[in-house]
Amino acid sequence: MPDLWMRKNLNQCLEPADDMASEYLRNVKIGEMYLVNIRKPRNLQFHRKFMALIKIAWDNQERYDAFEAVRKEVTMRAGFFTEHHHLTGRVSYEAKSISFAAMDELQFTELYSKSIDVILQHFMPPVDQSPEGIETSKAELEQAVERVLGFSG
């Protein structure tokens with residue numbers, strides 16, 4: 001089955017969003033059961049925004065030798081990792097892929113949101129710990145991301 005573009009209408013039903021989806025659905029039998037996998041496609045600009053966020057973490061640390069190591073650390077600390085149990089009893093962890101094929105927009109949005117907290121807690125200089133100070137620092141981090149995006153084109 002090809003990937004079909006669908007949209008939700010006001011009646012809570014999915015409807016074809018283009019000619020290809022319409023044509024395919026004409027051949028689907030009424031009353032038959034079908035298994036549907038719903039994914040919200042990823043946004044390239046949002047991916048770039050995440051990478052700008054990671055660049056800020058990279059610029060504010062001295063522990064890691066590679067940008068990708070920072071990306072993986074932030075991803076794992078945000079809760080996006082796979083746990084591997086080895087025959088020796090050792091347990092290791094691997095950051096989940098952030099590729100467009102591996103993570104849809106909803107998962108990526110959750111990763112981005114949790115990554116802000118991880119970066120504020122582990123990569124940025126300490127800030128006022130009052131609720132207002134934490135919110136201000138999130139806003140400042142978002143502004144820094146926008147500046148990075150502006151400079152990187």
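FYI, it's all coordinate maths here, none of it is from the lab. Only a predicted model underlies this, so the values are computations on that prediction, with no experimental measurement involved. Cβ sites come from the backbone with ideal geometry, for glycine too, and all protein chains shown count toward neighbours.
Once you reduce the stretch 93-125 and the stretch 1-41 to the center of their Cα atoms, the two points are 30 Å from each other. For the stretch 1-123, averaging the sequence separation of C-alpha pairs within contact (under 8 Å, six or more residues apart) and dividing by the residue count gives a relative contact order of 21 percent.
Other residues whose C-beta falls under 15 angstrom from the C-beta of R48 contribute a net charge of +2, scoring Lys and Arg +1 and Asp and Glu -1.
Relative to the dominant Cα principal axis of the chain, helix 131-152 is inclined by about 70°. Count Lys and Arg as plus one, Asp and Glu as minus one, and take only other residues whose Cβ is under 10 Å from that of G79; the net charge is then +2. Working from label points 7 Å from Cα in the Cα-to-Cβ sense, the L44 to E142 distance is 2.5 nm. Annotated for the chain: lysine pairs at least 8 residues apart or interchain, Cα distance under 20 Å, count 16. Positive end of the dipole of the chain (Cβ unit charges, origin at the Cα centre): among F67, M124, A21, the Cα lying farthest that way belongs to A21.
From the largest down, the stretch 1-148 spans 59, 46, 26 angstrom on the principal axes of its Cα atoms.
Using 0.36 nm per residue and subtracting the Cα-Cα separation, the extra length available between S92 and L10 on full extension is 24.9 nm.
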